[in-house]
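Report on one structure; see the data block that follows.
We did not get these values from a lab; they are worked out from the coordinates using the rules stated. Model, not experiment: these values are computed from the prediction. Positions of Cβ are backbone-derived with ideal geometry, glycine not excepted, and every protein chain shown enters the neighbour counts.
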Amino acid sequence: MTDLISRPRRPTCTCIPTPDLRAALTEGRQAARSDHGVELGWIFDIPGERGLAAADVTLDFLRDHAPEGTVALGLAGMENGVPRAKFADHFAQARALGLKAVVHAGETTGPDTVWSALRDLKADRVGHGMFDTDLDREYRLITDLAGLDVAGVCDLARAGVAASYAPDSLRKDLTDRIADIGSTPDAGYP
């Protein structure tokens with residue numbers, strides 16, 4: 001299965017009406033399956049920096065309009081100043097709907113945010129999770145507890161640790177420590 005990440009429209013957005021968004025996602029998923037043999041799963045992200053109101057919009061969308069193949073609630077956006085734990089109720093409600101949790105954490109804030117994603121939001125997968133490479137034991141434990149999504153260049157550049165890697169060690173470090181190197185949607189978000 002290939003997961004695609006999206007965000008439901010904001011209440012003030014007049015671009016695509018919610019029923020049309022759901023229909024387009026459903027049609028696209030069916031076409032991917034029939035035309036290419038690809039099974040898509042939808043993850044709908046809360047833009048964390050927009051707070052609990054945005055979390056409410058996302059959860060309402062999932063409750064009332066989730067297209068077929070929706071697999072998870074996500075939490076993305078800025079990490080600094082956006083404690084992961086404040087979204088615990090939203091993730092509990094999503095779990096009650098049968099959804100998994102995919103939480104961006106540790107990209108710019110370090111391991112405490114990753115631990116919060118695991119402990120407070122019960123993350124099934126952590127997006128980014130890149131932090132100080134001196135924390136190797138802790139890093140390996142975290143990757144054993146949950147899946148890890150990585151966008152290597154993005155993670156290193158944003159985390160400000162790229163300069164600490166010798167040119168030949170970056171590839172070895174990523175391939176040794178992370179079995180699946182995936183991509184995240186950050187480049188597509190404003």
Between D35 and D89, what's the calculated FRET efficiency when r is the beta-carbon distance and R0 is 30 Å? Round to 0.05. 0.15
Per residue convex hull volume, Cα atoms of region 1-79, in Å³: 89
